[in-house]
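Written out below as structure tokens is the structure these notes cover.
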Amino acid sequence: MCPCGSKQELSACCGRYLSGVELAPNAEALMRSRYVAYTMNDEAYLRATWDERTCPKESIVDDGATKWLGLEVKKHQAQEKEAMVEFVARYKIGGKAHRLHEVSRFVKFDGKWFYVDGIYE
């Protein structure tokens, strides 16, 4: 099963985006694949899919202290070149459970979706 919560295998779901075989067709697919990248500590994919104007200079992934538990997409709204995805990601750090509730903004440049930023709920 893919860590994004779909019932597909990783290779048939987000794995094809992480491997570079395909581009995410919409912002929701990109957001799901970015969640999977966080579960795998895939800094390269996160940077490649982050709008260069807002991508942080410091490390994006942690040292493995975070255990990602699940993802729930609440809403996806898209226009031709802009989109919003609201989601809740559950994780644990040091045995303590947390929730990340974010409304993320995405933009499309040259046929490719990029994460811009998010507002935490």
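The values are calculated or read from the model by the stated rules, or taken from the named source; none is laboratory data. All figures in this text were calculated on a predicted structure; none of them were measured in a lab. Note that we place each Cβ from the backbone using ideal geometry, even for glycine, and neighbour counts take in every protein chain shown. Only protein heavy atoms, including side chains, enter the accessible area calculation; ligands, DNA and RNA are left aside. Shrake-Rupley method; radii C 1.70, N 1.55, O 1.52, S 1.80 Å.
Please work out which option in (i) 0.94; (ii) 1.00; (iii) 1.05 gives Cα Rg over 2.2 N^0.38 Å calculated from these coordinates, and answer with its label.
Of the labelled values, this structure produces (ii).
Between residue 57 and residue 44, with labels modelled 7 Å along Cα→Cβ, what's the label distance in nm to one decimal, could you check?
2.4
Taking the Cα centre of the chain as origin, sum charge times position over the Cβ atoms of Lys and Arg (+1) and Asp and Glu (-1), and report the length of that vector in debye to the nearest 20. Write out the running numbers ahead of the final one.
Working: 18 positive and 18 negative charges, 67 e Å.
Taking the Cα centre of the chain as origin, the dipole is about 320 debye.
Taking the Cα atoms only, what angle lies between the long axis of helix 27-39 and the longest principal axis of the chain, rounded to 10 degrees?
The helix 27-39 is inclined about 30 degrees to the chain.
Once neighbouring chains are kept in place and the probe is 1.4 Å, which whole percent of the accessible area of the chain is contributed by carbon and sulfur?
50
How big is the accessible area of residue 117 in square angstrom, nearest 10, if you roll a 1.4 angstrom probe over the protein chains?
In the full protein context, residue 117 sits at about 50 Å².
Calculated from DSSP H runs of 4 or more alone, at -39500 (n - 2.57) each and per residue, what is the 222 nm mean residue ellipticity of the chain, nearest 500?
-5000 deg cm²/dmol
Number of Lys pairs in the chain with C-alpha atoms less than 14 angstrom apart, excluding same-chain neighbours closer than eight positions?
Value for the chain: 4.
How high is the relative contact order of the chain, in percent, with contacts defined as C-alpha pairs under 8 Å that are six or more residues apart?
22
Could you calculate the contour length gain from residue 96 to residue 72, that is, 0.36 nm times the residue separation minus the distance between their Cα atoms, to one decimal place in nm?
Between residue 96 and residue 72, full extension yields an extra 6.7 nm.
Please calculate how many Å² of accessible area region 1-99 carries per residue, with a 1.4 Å probe and no DNA, RNA or ligand atoms counted.
Numbers: 5950 Å² over 99 residues.
It amounts to 60 Å² per residue over region 1-99.
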